[in-house]
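Peer 1: The following block contains the structure, expressed as C-alpha cells.
The values are calculated or read from the model by the stated rules, or taken from the named source; none is laboratory data. In this text, all values refer to a predicted model and were calculated from it rather than measured experimentally. Neighbour counts are summed over all protein chains in view; Cβ atoms, including those assigned to glycine, are modelled from backbone coordinates with ideal geometry. With ligands, DNA and RNA removed, areas are computed over all heavy atoms of the protein, side chains included. Shrake-Rupley method; radii C 1.70, N 1.55, O 1.52, S 1.80 Å.
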Amino acid sequence: MPAILPPMHATKYIMWEEEGRWHGHLKDHPDILAQAESFEDLQIKLSSLHRDLTSGSDIHSQPPPPRKPYPMPRRITTNKRLERLLSSMLNDL
C-alpha cells in the first residue's frame, strides 16, 4: 500500500526589481529580505531561505569554526656517535 503524504503547499514569494537588483521575501516572512543580481539567483536564495526556515535550523547561527589540524609529532633524530658510545658503555657493564 503506498504511503499517504500530506499535500504539498506552494511557497509564495514577493519579488521586485529595483535599480538593476532583484529583491524579495517570503510572503509569510516579510521581515527577512533577500537580494540578488538576477531573478534566478533570487529564486534560489528564497528557496534556500524557505528550506532553512522549515527545517528548524537557525538561519542566523554562525557556522562552526574550522577545526585545527592535529599536530604531527616531532621526528626524533638520533646522534649515531652518541648511540654507539652509550651502547658500548652498556655492553661493558
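Peer 1: Using beta carbons and a limit of 7 Å, which pairs, at least six apart or on different chains, have the first residue in the stretch 35-49 and buried (at least 16 other Cβ atoms within 10 Å of the Cβ) and the second one in a helix (DSSP H, G or I)?
Peer 2: Listed by first residue and then by second, the contacts come to Ala36/Leu42; Ala36/Lys45.
Peer 1: Same structure, new question: Kindly provide the set of residues from the stretch 11-34 that are hydroxyl-bearing (Ser, Thr, Tyr) and assigned to a strand (DSSP E or B), ordered by number.
Peer 2: Tyr13 - this is the single residue of the stretch 11-34 that is hydroxyl-bearing (Ser, Thr, Tyr) and assigned to a strand (DSSP E or B).
Peer 1: Hey, among the residues in the stretch 11-29 that are hydrophobic (A, V, I, L, M, F, W, C) and within 26 Å of the chain's Cα centre (by Cα), which one's least open to solvent (accessible area, probe 1.4 Å)?
Peer 2: Looking at the filtered set, the residue picked out is Leu26.
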